[in-house]
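The values are calculated or read from the model by the stated rules, or taken from the named source; none is laboratory data. The model shown is predicted, which means the values in this text are computed figures rather than measured ones. A quick note on method: Cβ atoms are made from the backbone with ideal geometry, for glycine too, and the neighbour counts reach across all protein chains shown.
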Amino acid sequence: MPNEPVAVTCKVCGGHVHEFLDLGRQPLSDAFREPESVAPEFFFRLAVGRCESCTMVQLTESVPREKMFHEDYPYHSSGSAVMRAHFATVARRFLDTELAVPDPFIVEMGCNDGVMLATINQAGVRHLGFEPSNGVAEAARAQGIRVRTAFFEEETAARVRAQEGPAQVIYAANTMCHIPYPESIFRGVDALLAPDGVFVFEDPYLGDLVAKTSFDQIYDEHFFLFSGHSVRAMAEHYGFQLVDVDRLAVHGGEVRYTLARAGARVPSAAVAGLLAEEDASGLSDLTTLRRFGDSVLRVRDDLVALLRRLRAEGSLVVAYGATAKSATVTNFCGIGPELVSYVCDSTPAKQHRITPGKHIPVRPPTAFRDPYPDYALLFAWNHADEIMAKEEEFRRRGGQWISYVPDVRVL
Ligand SMILES: [Zn+2]
C-alpha cells in the first residue's frame with residue numbers, strides 16, 4: 001500500500017486541503033552547487049492541493065524560509081528591462097493616485113534590489129523596504145533606498161508603525177505567494193496601514209497557470225497560487241476587502257490585487273469581472289485542477305520524448321535561463337546533462353555551478369554563442385520576446401527554440 005497523504009490543513013482558513021498534483025522530490029530551486037560538492041542536498045516533496053473551504057491553492061509541504069531567502073538569494077528584480085519598466089509604472093501609479101497626502105509613506109515587503117522603490121525615492125517620498133536577503137538589500141541601499149534586512153511580519157510592522165506612523169500603501173511583488181503564514185502578514189498590515197490605505201500585491205495567477213499548463217510556476221518559493229476567489233476569501237478572513245484587480249502580462253501572467261480595510265472603499269467592476277470569469281471557467285473547481293494535473297503529465301512525457309529523440313539524432317541541445325522555475329521542470333521530468341548539455345545564464349552567482357537536483361552545468365551567456373547549439377530549451381519562457389530579440393543570430397543560423405508552455409513545441 002502506498003503511504004496515505006497526511007491530512008493537510010489550509011494555511012489561511014484551516015480547512016481541509018485536497019492534493020491534486022504531485023511533482024515529486026524537489027531540491028531548493030536556487031540551490032546551485034559547486035560541481036565538486038559532495039554535501040547532501042536538501043529535498044522536499046512538492047505537491048499542490050486546494051482548500052475545500054476557501055479554495056486557496058497551496059503547497060502541501062513548506063520549506064523553512066531561512067533556507068530560501070538568505071544572504072546569497074540570487075534573483076535580482078532589476079535584471080530585466082521589461083521588469084524595470086513594469087515597476088517604474090507601478091511606482092508612478094502610487095505617486096499619482098495613493099500618495100496625495102502631506103508627507104506620505106510607502107512600505108514594500110520583499111523590495112529585492114529596490115527596483116520599485118527607486119522611483120519613489122527619486123520623487124522624494126518617504127519609504128521603507130523590508131528585504132530578508134541581505135545581498136539584494138545591499139544593492140537597494142547602494143541607490144539610497146531605505147531598507148531593513150528583515151521579514152515583514154506582525155512584530156516588525158508594528159515597530160515601524162510606532163516609529164514612523166501609518167503607511168498609505170503597503171506593496172509586495174512576488175512576495176505574498178512566498179509566505180505560508182499569512183495571518184502574521186495581515187496583522188502586520190493591520191498595524192501599519194493608514195485607515196484609508198491600500199495593501200497591494202501581485203503574484204503569479206492560477207488562471208494563467210492552468211490556461212498555460214505552466215506547472216513550473218510551482219516551486220518551493222511559490223507556496224500559494226492565488227485566484228480572485230481565494231484572495232477575496234483570504235482578505236475577508238483577516239478583516240480586509242478585495243477592492244481592485246489588474247491582469248498583468250509579467251512573469252507568465254499575474255494579477256495585482258488591491259485590498260483595503262473592510263468597508264473603506266467600493267470594489268471596482270474589475271473585481272466582479274474576474275470572479276465571474278473564474279466561475280465561468282470553473283477555475284476553483286477540483287475537477288479543473290485535476291485536469292490541469294493530467295495536462296502536466298502530458299507535457300512532461302512530450303518534452304522528455306522530444307529531448308531523447310534530438311539527443312539520439314546527435315543534436316546539441318542546451319537550455320537558456322537557469323531559472324528557479326527550471327528546477328521543477330528538470331527534477332519532475334528527470335532532465336539532466338544526458339539530455340541537456342548545459343544551461344546558459346547571465347547571473348554570475350549561478351555560473352560554473354551545477355543546477356539543483358539534476359546537476360546540469362551552468363555556463364555564462366557567451367557559451368551560448370560558442371558554438372551556437374542546434375536547439376535551445378527556453379526555461380526563461382516568461383521573457384521569451386526579450387530573449388528571442390536579443391538572440392536573433394541564433395535563429396538566423398538555423399537554431400531552434402524549444403518551448404513547453406502551453407505545450408511542447410519547436411519554434
Ligand atoms: Zn482555506
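Out of segment 76-109, which residues are over 15 Å from residue 170 (Cα atoms), within 22 Å of the chain's Cα centre (by Cα) and not in a loop (DSSP other than H, G, I, E, B)?
77, 78, 79, 81, 82, 83, 84, 85, 86, 88, 89
State which residue is farthest from the ligand (Cβ to nearest atom) when the search covers only segment 240-254 and only residues that are in contact with an Asp or Glu (Cβ under 7 Å, 6 or more places away or on another chain) and not in a helix (DSSP H, G or I).
Ranking the candidates gives 248 first.
Considering segment 278-310 alone, what residues qualify as being under 18 Å from residue 228 (Cα atoms), touching a residue at least 60 places away in the same chain (Cβ under 8 Å) and out of contact with any strand residue (DSSP E or B) (no Cβ under 8 Å at 6 or more places or on another chain)?
Across segment 278-310, the qualifying residues are 278, 281, 283, 288.
Does residue 206 meet the test of being out of contact with any Cys (no Cβ under 7 Å at 6 or more places or on another chain), under 26 Å from residue 170 (Cβ atoms) and crowded, with 20+ Cβ neighbours inside 10 Å?
yes
Yes or no: residue 295 under 30 Å from residue 31 (Cα atoms), outside any loop (DSSP other than H, G, I, E, B), away from the ligand (no atom under 16 Å from the Cβ) and under 20 Å from the mean Cα position of the chain (by Cα)?
So residue 295 fails the test.
For segment 207-239, which positions are within 16 Å of the ligand (Cβ to nearest atom), assigned to a helix (DSSP H, G or I) and among the small types (Gly, Ala, Ser)?
228, 230, 233, 235 - these are the residues of segment 207-239 that are within 16 Å of the ligand (Cβ to nearest atom), assigned to a helix (DSSP H, G or I) and among the small types (Gly, Ala, Ser).
Does any residue of segment 50-73 turn out to be modelled with pLDDT of 95 or more, within 16 Å of the ligand (Cβ to nearest atom), part of a strand (DSSP E or B) and over 16 Å from the mean Cα position of the chain (by Cα)?
yes
Can you tell me which residues in segment 19-61 are among the hydroxyl-bearing types (Ser, Thr, Tyr) and surrounded by 23 or more Cβ atoms within 10 Å (Cβ to Cβ)?
Correct list: 29, 55.
Conditions: (1) closer than 27 Å to residue 181 by Cα; (2) more than 16 Å from the ligand (Cβ to nearest atom); (3) surrounded by fewer than 19 Cβ atoms within 10 Å (Cβ to Cβ). Residue 7 meets all but one. Number of the miss?
Looking at each condition in turn, residue 7 falls short on (2).
At least 1 residues that are within 23 Å of residue 76 (Cα to Cα) and in contact with a strand residue (DSSP E or B) (Cβ under 7 Å, 6 or more places away or on another chain) in each: list the strands (runs of 3 or more DSSP E) lying fully within segment 317-405 that qualify.
The strands (runs of 3 or more DSSP E) meeting that bar are 317-320, 375-378.
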